[in-house]
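Enquirer: First, the structure itself, so that you have it in front of you.
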Amino acid sequence: MERQFKIFRFIPERSDKPYYQTYSVECPQSFTVLDALNAIKWEQDGSLSFRRSCRHGICGSCAMKINGKNGLACEIQVNTLKGVIKIEPMPGYTVLRDLITDMDRFLAHMEATKPWLIAGTPETDKEQYQSPEDRKKIDGLWECILCGACTSACPSYWTDDDFLGPAALLKAARYCFDTRDTGFHERMDLLDSRSGLWRCHTIFNCVEACPKALNPTEAIVRLRNRLASEKI
Amino acid sequence: MEHHRHDVVVVGAGIAGLYAAMKAGESADVAVISKIYPTRSHSGAAQGGCAAALGNETEDNWEYHFYDTVRGSDYLGDQDAQELLVKEAIPVMYEMEHLGVPFSRTPEGKIAQRRFGGHFAKFGKAPVQRACYAADRSGHAQLHCLYEQSLKQGVRFYNEFLVVSLMIEDGECHGVVALELKTGELHAFWGRATMLATGGYARAWKVTSNSHANTGDGLSLVSSCGIPLEDMEFVQFHPTGLYPLGVLVSEAARGEGGILLNKDGDRFMKKYAEAKMELAPRDVVSRAETTEILEGRGIDGNDYVHLDLTHLGAAKILERLPQVHELVMKFAGVDCTKEPIPIRPTAHYSMGGIPVDLNTRVLMDGRKEPVVGLYASGECACVSNHGANRLGTNSTLEAAVCGRIGGMAMADFVKEKGPVKVGVAIDTSDVENEMAHYMDHEGREKAGVIRQELQEAMQEHCGVFREKEGLATLVETIRALQERFEHVGLEDKTKAYNTELCELIELKHMLDFSEVIAVSGLAREECRGAHWRTDFIGRNDEEWHKHTLAFKKPDGTIELKYKPVVITKYPPEARKY
């Protein structure tokens, strides 16, 4: 079936003004948005630029705004979308070209939360034991693919360049709630601040945007609760 | 050209590259250059687990793992390397746990382990649970952890830089030249030690489990410097690619008890591997499925069979195989707790690659003589751990073990040799001219069309089954495509994020190594592991128990040489499952 794609274009070397360009693509059943973008790039317009890699929802490269909602182009089927399909870069990040956004700040914020196990030297040459119940405490936290869809969808992030954003805070929670980790207070030096846990206004846009069905807001609330309980 | 200097330059940011970077970073100044963001690397798509004979769930020891790996490789693996791999597996797994990898756990809190194809206890006689896993997102868990540890270590990341040439002179590597995608500018990265960890090349097939990024860049770069490529004809087809596109459905699905059925509802593996059934090695299962399909027993006459998990129950599927459940639902609209999954073999893994020694040093002649300062590890390298067929869960294992060894070896090398040389005169005009040529050249051909024709030809002539005529046709087809490549013109002449240029460079690599695969496969007249010739019967140890070394000559022709397989313990014997 032939479908129309209205795509955000921005090529700074050609013009400082972005524009929309419409392409018509024959979309067989089970065609994804990424398939359609590839078809445009390979058959119609080689200049259309976007990021992509795994094409099955695992690597997180191809997050973009599709008919007004953030998602992964590779896992959204064209036949689930109505009308002319509008494709735009994720909001909240600087657009570098077409659908490619600058992810440097996003990654810098993630790195700032010390996203690694903070722990002393293990007392064993073998594995440290962790019960399945303890291991479950990080389910829903460690699966994040860093696509950036959640942080991009967060109104608090749009208005505050320093706000770490939901993805970084989810990552912080992934380590803080790992029972092998002892770095909670070290991380809280950064997170217990206006640009950290307290900038979130529980708007839940991040939850809606996450293609992996994770819940950054809940992670933020869990961190706040732990902070509160440890302060008492 | 902007110049950067580091003790160690690692190209590629999958499990192998990041493990190397993290280890070398303990004492050296390390840069990682990656054409995509590190966590986008294809290691993250590994699902089922990472093998190590920990014995947490069932009795196990490294000797069994060694035996399985040798047999799985159809006796083409080098046994010194294989022994090192399976012994190192154990401390490496514990190290990854200490680093924070969120492994699933046994009831008593140890690393959980599951069954996988080709892995057994007691020298093939008993089942074993050897694959250490984090649900079915094991590669994701390892990749992210190693990335985060590398950040902690202060490793410098150059993201979205595509390496376009190696700076090798007089048998010594001084680093790489890379294209910065953001600006379109070339950068020189000078390193005392350089590691290639650029991954696999199964993007050359139409039906593949691989990422768009898996274009075998490192192999072609090495080959163009006169270094041979080893055993390139051995390409693994994973038995459970989701129909039609080949996205991976983890072997963990069979490890957890999934079964394969043809159109008659017949569990056909009993005909092909009576004892091990669905848990026979991948080459065996992929041939069985292809035979069923070719003989008309695909589902509804189509070219797929069924993987049935429904008897496992929704609770087990959702706990152990959540990603399989999600993938199959999203990409095939199938609820695998209720319905069988349509699957067929999919191009998955490259057993061959850049010849390296046990310390991951790249071998100039493919045998003994290292290129000073150049290392390779992970899927792009051939040490050879996997010989003619890799066992499931030995790939992320190899990436971790060899990345780690390489990282330590590079750190030692830097200590011995001191900081990177300054002022070595390296002529980079060739690569500068090549890039300028791509940008200026006008031509009628489109890279996308050539790539598609290459993928279709590889799919048709270089799949699970091969024969002389098809491979000869393939060689001709690839050479014709290489000719046409000279007439490709870019539509996009801009510099910033010119992804059309990037895809063009990747296509050049694909055409280069595909020719090596076809030529090597045409020459090897036997059936061994993943290389199965329908015009020859069985394995021919007398003539073909040897590694292929394919040299690209300056005139563009490919010369084949061979080297012996290292046998330390198990001489070749019949391989039955």
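Enquirer: Identify, by number, the condition in (1) free of Cβ contacts under 8 Å to residues at least 24 places away in the same chain; (2) away from chain A (no Cβ under 14 Å); (3) of a type outside the set (Phe, Trp, Tyr) that B:Lys152 doesn't meet.
Expert: All conditions are met except number (2).
Enquirer: Still on this structure, I have one more. How many residues are open to solvent by 30 Å² or more (accessible area, probe 1.4 Å), closer than 15 Å to B:Leu245 by Cβ and more than 7 Å from chain B (Cβ to nearest Cβ) if we restrict to region A:23-67?
Expert: Residues flagged as open to solvent by 30 Å² or more (accessible area, probe 1.4 Å), closer than 15 Å to B:Leu245 by Cβ and more than 7 Å from chain B (Cβ to nearest Cβ) within region A:23-67 amount to 5.
Enquirer: While we're here: Answer yes or no as to whether B:Gly72 is in contact with a helix residue (DSSP H, G or I) (Cβ under 9 Å, 6 or more places away or on another chain) and on the phi > 0 side of the Ramachandran plot.
Expert: When the stated conditions are applied, B:Gly72 does not pass them.
Enquirer: Which residue is nearest to A:Cys200 (Cα to Cα), if the candidates are limited to region A:169-181 and must be part of a helix (DSSP H, G or I) and in contact (Cβ under 8 Å) with a residue 60 or more places away in the chain?
Expert: A:Lys171
Enquirer: For A:Ala108, are the conditions met, namely being surrounded by fewer than 18 Cβ atoms within 10 Å (Cβ to Cβ), touching an Asp or Glu at 6+ places or on another chain (Cβ under 8 Å) and either more than 7 Å from every other protein chain (Cβ to nearest Cβ) or part of a strand (DSSP E or B) (or both)?
Expert: no
Enquirer: If you go through region B:43-50 one residue at a time, do you hit one that is at positive phi and at pLDDT 95 or above?
Expert: Yes, because at least one residue in region B:43-50 is at positive phi and at pLDDT 95 or above.
Enquirer: Within region B:124-136, can one find any residue that is under 21 Å from B:Arg5 (Cβ atoms), under 25 Å from the mean Cα position of the chain (by Cα) and either open to solvent by 20 Å² or more (accessible area, probe 1.4 Å) or of a type in the set (Gly, Ala, Ser) (or both)?
Expert: No: zero hits.
Enquirer: Residues that are without any contact (Cβ under 8 Å) to a residue 60 or more places away in the chain, of a type in the set (S, T, N, Q) and within 29 Å of B:Glu180 (Cβ to Cβ): does region B:475-490 have at least one?
Expert: Yes, the conditions are met somewhere in region B:475-490.
Enquirer: Exactly one of (1) free of Cβ contacts under 8 Å to residues at least 12 places away in the same chain; (2) surrounded by fewer than 21 Cβ atoms within 10 Å (Cβ to Cβ) is unmet by A:Asp160. Its number?
Expert: It is condition (1) that A:Asp160 fails.
Enquirer: May I ask you to list the residues in region B:75-97 that are in a helix (DSSP H, G or I) and open to solvent by less than 10 Å² (accessible area, probe 1.4 Å)?
Expert: Matches in region B:75-97: B:Gln79, B:Ala81, B:Gln82, B:Leu85, B:Val86, B:Ala89, B:Val92, B:Met93, B:Met96, B:Glu97.
Enquirer: Quick one: which residue in B:Gly246, B:Gly257 is surrounded by fewer than 24 Cβ atoms within 10 Å (Cβ to Cβ) and out of contact with any Cys (no Cβ under 9 Å at 6 or more places or on another chain)?
Expert: After applying the criteria, what remains is B:Gly257.
Enquirer: Right, another one. Just a yes or no: is a residue in region B:488-509 outside any helix (DSSP H, G or I), in contact with a strand residue (DSSP E or B) (Cβ under 7 Å, 6 or more places away or on another chain), closer than 24 Å to B:Asn389 by Cα and among the aliphatic types (A, V, I, L, M)?
Expert: No: zero hits.
Enquirer: What are the residues in region B:243-282 that are in contact (Cβ under 8 Å) with a residue 24 or more places away in the chain and either basic (Lys, Arg) or within 14 Å of chain A (Cβ to nearest Cβ) (or both), if any?
Expert: B:Tyr243, B:Pro244, B:Leu245, B:Gly246, B:Val247, B:Leu248, B:Val249, B:Ser250, B:Arg254, B:Lys263, B:Lys276, B:Arg282 - these are the residues of region B:243-282 that are in contact (Cβ under 8 Å) with a residue 24 or more places away in the chain and either basic (Lys, Arg) or within 14 Å of chain A (Cβ to nearest Cβ) (or both).
Enquirer: Limited to region A:73-100, what total is found for residues that are within 12 Å of another protein chain (Cβ to nearest Cβ), open to solvent by 20 Å² or more (accessible area, probe 1.4 Å) and either at positive phi or in a loop (DSSP other than H, G, I, E, B) (or both)?
Expert: Residues that pass the stated criteria total 2.
Enquirer: Let me ask something additional. Spot the failing condition for B:Asp170; the list is (1) within 14 Å of chain A (Cβ to nearest Cβ); (2) free of Cβ contacts under 8 Å to residues at least 24 places away in the same chain, and only one is missed.
Expert: (1)
Enquirer: Could you please give the count of residues in region B:98-113 that are crowded, with 24+ Cβ neighbours inside 10 Å and more than 16 Å from A:Glu143 (Cα to Cα)?
Expert: Count: 2.
Enquirer: Next up: Would you please name the residue that is farthest from B:Val372 (Cα to Cα), looking only at residues in region B:178-203 that are touching a Gly at 6+ places or on another chain (Cβ under 8 Å) and surrounded by fewer than 24 Cβ atoms within 10 Å (Cβ to Cβ)?
Expert: B:Ala188
Enquirer: If we only count strands (runs of 3 or more DSSP E) wholly inside region B:250-360, which ones have 1 or more residues that are over 30 Å from B:Gly216 (Cβ atoms) and touching a Lys or Arg at 6+ places or on another chain (Cβ under 9 Å)?
Expert: B:259-261, B:305-308
Enquirer: I'm trying to understand the selection: among the residues of region A:111-130, which are of a type in the set (Asp, Glu), open to solvent by 50 Å² or more (accessible area, probe 1.4 Å) and assigned to a loop (DSSP other than H, G, I, E, B)?
Expert: A:Glu123, A:Asp125
Enquirer: Just wondering, is there one or more residues in region A:194-217 that are open to solvent by 20 Å² or more (accessible area, probe 1.4 Å), in contact (Cβ under 8 Å) with a residue 60 or more places away in the chain, out of contact with any strand residue (DSSP E or B) (no Cβ under 9 Å at 6 or more places or on another chain) and assigned to a helix (DSSP H, G or I)?
Expert: So far as region A:194-217 goes, no, none of its residues is open to solvent by 20 Å² or more (accessible area, probe 1.4 Å), in contact (Cβ under 8 Å) with a residue 60 or more places away in the chain, out of contact with any strand residue (DSSP E or B) (no Cβ under 9 Å at 6 or more places or on another chain) and assigned to a helix (DSSP H, G or I).
Enquirer: If I filter region B:487-506 down to residues being open to solvent by 20 Å² or more (accessible area, probe 1.4 Å) and under 13 Å from B:Ala436 (Cα atoms), which single residue comes out as farthest from the other protein chains (Cβ to nearest Cβ)?
Expert: The residue in question is B:Lys493.
The values are calculated or read from the model by the stated rules, or taken from the named source; none is laboratory data. Predicted, not measured: the structure shown is a model, and the values here were computed from it. Every residue, glycine as well, gets a Cβ built from its backbone with ideal geometry; the counts of neighbours run over all protein chains shown. These accessible areas exclude ligands, DNA and RNA; they are computed on the full protein's heavy atoms, side chains included. Shrake-Rupley method; radii C 1.70, N 1.55, O 1.52, S 1.80 Å.
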